[in-house]
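Here the structure is laid out as structure tokens; the discussion comes afterwards.
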Amino acid sequence: MQLLPVRTLILAALLCGGLWPLAHAQTGGERPLTVQDLAPIATDDVPQSSFTPVDLPADLWERIRRGFAMPDLQVDLVQDREQWYAQRPDYIHRMTERSSKYLYHIVEEIERRGMPTELALLPFIESAFNPQAVSSARASGMWQFMPETGKTFELKQNAFRDDRRDVLASTRAALDYLQKLHGMFGDWHLALAAYNWGEGNVSRSLSRNQRIGAPLAYTELRMPAETRMYVPKLQAMKNVVANPQALGVNLPSIPNHPYFQTVPLPRDMDVALIARLAEVSAEDFKALNPSAHRPVMLAGGTPQILLPWDNAEIFQRNMEAYAGRLASWTVWVATKNMKVADVAKRYNMGEEEFRQINKIPPRMMIKAGSALLVPRTSHQQNDVSAKLADNGQLNLAPEVTLRKQIVKARKNDSLLLIAKRYKVSAEQVAQWNGLSVNSALRPGQKISLMLPAKPKKVKAAAQPSRKKTRP
């Protein structure tokens with residue numbers, strides 16, 4: 001006869017009507033039940049009918065499948081995208097590996113709001129689940145928020161962090177936006193089209209269809225090719241998740257439990273130190289805290305961090321035992337317009353290092369009121385104020401007058417080569433032309449550059465003619 005351990009006994013007692021009847025039986029109701037009062041019982045003595053089987057999802061994919069609630073989109077583009085995914089197993093593997101850090105949290109938030117779990121797959125379409133992704137149009141983060149849309153949904157974008165990349169903040173904002181769009185259009189396909197194309201564009205396209213008596217469905221709208229492909233991409237990803245075997249896709253299992261938890265950030269701390277105390281790699285830490293794009297995290301603006309579940313306790317324990325310096329950097333506010341070289345010299349830094357730390361491109365000067373990271377001296381103990389950490393901005397102006405110049409791409413040219421040729425940064429060239437840094441260029445393609453204006457030549461005074469004149 002097999003005996004059950006005390007933990008199982010307590011669980012059985014709870015399921016059979018609570019511990020109080022058992023306590024009465026053991027103690028006569030005169031004192032609280034203790035572990036010593038409990039005697040082992042045989043498995044045969046536990047009434048099997050008292051247990052209710054719980055059908056838990058085998059993994060996160062199964063949990064997502066159970067929450068599918070959008071109508072399926074049946075168009076040829078869906079099959080086209082299905083085949084595209086099926087033919088790229090390495091791409092699917094990379095995406096799912098990245099998503100494993102974030103997907104549980106996203107599914108939890110979607111279920112809490114009663115939204116279709118298909119929406120948890122949207123970052124596959126937007127960014128391949130890369131929270132550091134930046135589009136040619138300056139959309140950023142896992143959910144690809146444009147700067148202005150991010151501000152509308154209270155995503156801070158300042159000198160020290162960009163909440164469009166923050167896992168918790170951007171997910172909250174994206175679901176807020178999707179709920180708003182669904183409330184406007186009453187249809188998830190139209191809401192998704194508006195998320196990609198803009199609510200105003202979708203509204204105008206619907207109004208046009210209404211005027212001409214055309215259907216108001218997503219498939220009937222006049223829209224750009226990117227938006228026409230957008231919902232089919234999501235439907236194709238849904239089909240991959242719904243039945244990977246049918247498409248010959250191997251989906252790596254993602255456990256149905258949290259990957260990370262939030263941990264308070266008590267003081268300003270160097271990113272490298274946080275990672276070391278948490279015993280995680282700097283790369284893994286930045287993957288969970290991608291909004292931090294400086295070497296230090298300021299507690300006044302970022303009061304909590306994300307750590308892998310098992311490392312959160314390790315961080316707290318190591319933090320309590322740590323007695324060294326927490327932050328190597330603090331914030332200084334420029335009181336006037338200044339050259340980068342002058343500020344760097346003031347803090348005994350090389351100009352290139354100072355530019356890199358503060359993300360200042362070449363040929364730019366610092367405007368008054370800018371908040372900049374500078375080395376923290378040994379006698380500086382105070383953390384950066386919450387107001388400055390949460391609102392500090394970096395404002396720059398060209399050191400010299402720039403003018404627009406059009407150049408043509410050569411054969412096998414890239415933005416990186418053009419940038420090197422004209423001594424500007426590839427990021428600037430990409431921004432000036434609405435492209436990504438890795439965009440392919442066609443020979444002869446026109447590229448706009450902003451280059452220093454050449455000083456005007458002073459017209460020389462007229463000289464006497466050297467021609468011989470006739471007498």
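Miscellaneous remarks
- Some residue of the range 126-149 being touching a helix residue (DSSP H, G or I) at 6+ places or on another chain (Cβ under 9 Å) and farther than 30 Å from residue 93 by Cβ: yes
- Looking across the range 325-345, the residues that are touching a residue at least 24 places away in the same chain (Cβ under 8 Å) and open to solvent by less than 80 Å² (accessible area, probe 1.4 Å) come down to 326, 327, 328, 329, 330, 331, 332, 333, 334, 338, 340, 343.
- Within the range 346-362, the residues that satisfy the criterion of being open to solvent by less than 80 Å² (accessible area, probe 1.4 Å) and touching a residue at least 12 places away in the same chain (Cβ under 8 Å) are 347, 349, 354, 355, 357, 358, 360, 361, 362.
- Criterion violated by residue 84 - all others in (1) at pLDDT 95 or above; (2) over 15 Å from residue 174 (Cβ atoms); (3) not in a helix (DSSP H, G or I) satisfied: (3)
- Matching entry among 292, 312, 287 (being under 30 Å from the mean Cα position of the chain (by Cα), within 30 Å of residue 94 (Cβ to Cβ) and at pLDDT below 95): 292
- Residue check for residue 296: in contact (Cβ under 8 Å) with a residue 12 or more places away in the chain, aliphatic (A, V, I, L, M) and crowded, with 21+ Cβ neighbours inside 10 Å: yes
- Failed item, numbered, when residue 219 is tested on (1) under 23 Å from residue 194 (Cβ atoms); (2) exposed (fewer than 13 other Cβ atoms within 10 Å of the Cβ): (2)
- If the condition is being among the hydroxyl-bearing types (Ser, Thr, Tyr) and in contact (Cβ under 8 Å) with a residue 40 or more places away in the chain, then the range 240-283 contributes 253, 259, 262.
A quick yes/no check of all residues on (1) open to solvent by 40 Å² or more (accessible area, probe 1.4 Å); (2) free of Cβ contacts under 8 Å to residues at least 40 places away in the same chain; (3) touching an Asp or Glu at 6+ places or on another chain (Cβ under 7 Å):
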position	(1), (2), (3)
381	yes, yes, no
403	yes, no, no
419	no, yes, no
423	yes, no, no
437	yes, yes, yes
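- Matching residues in the range 120-145 - criterion: being touching a Pro at 6+ places or on another chain (Cβ under 7 Å) and open to solvent by less than 10 Å² (accessible area, probe 1.4 Å): 129, 131, 141, 142, 143
- Taking the numbered list (1) at pLDDT below 95; (2) open to solvent by 70 Å² or more (accessible area, probe 1.4 Å); (3) in contact with a Ser or Thr (Cβ under 8 Å, 6 or more places away or on another chain) in turn, residue 266 passes all entries but (3).
A quick yes/no check of all residues on (1) farther than 20 Å from residue 117 by Cβ; (2) open to solvent by less than 50 Å² (accessible area, probe 1.4 Å); (3) modelled with pLDDT of 95 or more:
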{"residue": "178", "(1), (2), (3)": "no, yes, yes"}
{"residue": "202", "(1), (2), (3)": "yes, yes, yes"}
{"residue": "211", "(1), (2), (3)": "yes, no, yes"}
{"residue": "232", "(1), (2), (3)": "no, yes, yes"}
{"residue": "240", "(1), (2), (3)": "no, yes, yes"}
{"residue": "254", "(1), (2), (3)": "no, yes, yes"}
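- Condition check for residue 196 on (1) open to solvent by less than 50 Å² (accessible area, probe 1.4 Å); (2) out of contact with any helix residue (DSSP H, G or I) (no Cβ under 9 Å at 6 or more places or on another chain): one failure, at (2).
- Any hit, the range 99-107, residues being in a loop (DSSP other than H, G, I, E, B), open to solvent by less than 10 Å² (accessible area, probe 1.4 Å) and modelled with pLDDT of 95 or more: yes
The values are calculated or read from the model by the stated rules, or taken from the named source; none is laboratory data. Just so it is clear, the structure is predicted and the values come from calculations on it, not from any experiment. Counting neighbours? That spans all protein chains shown, and the Cβs are built from the backbone with ideal geometry, glycine included. Accessible surface areas use protein heavy atoms only, side chains included; no ligands, DNA or RNA. Shrake-Rupley method; radii C 1.70, N 1.55, O 1.52, S 1.80 Å.
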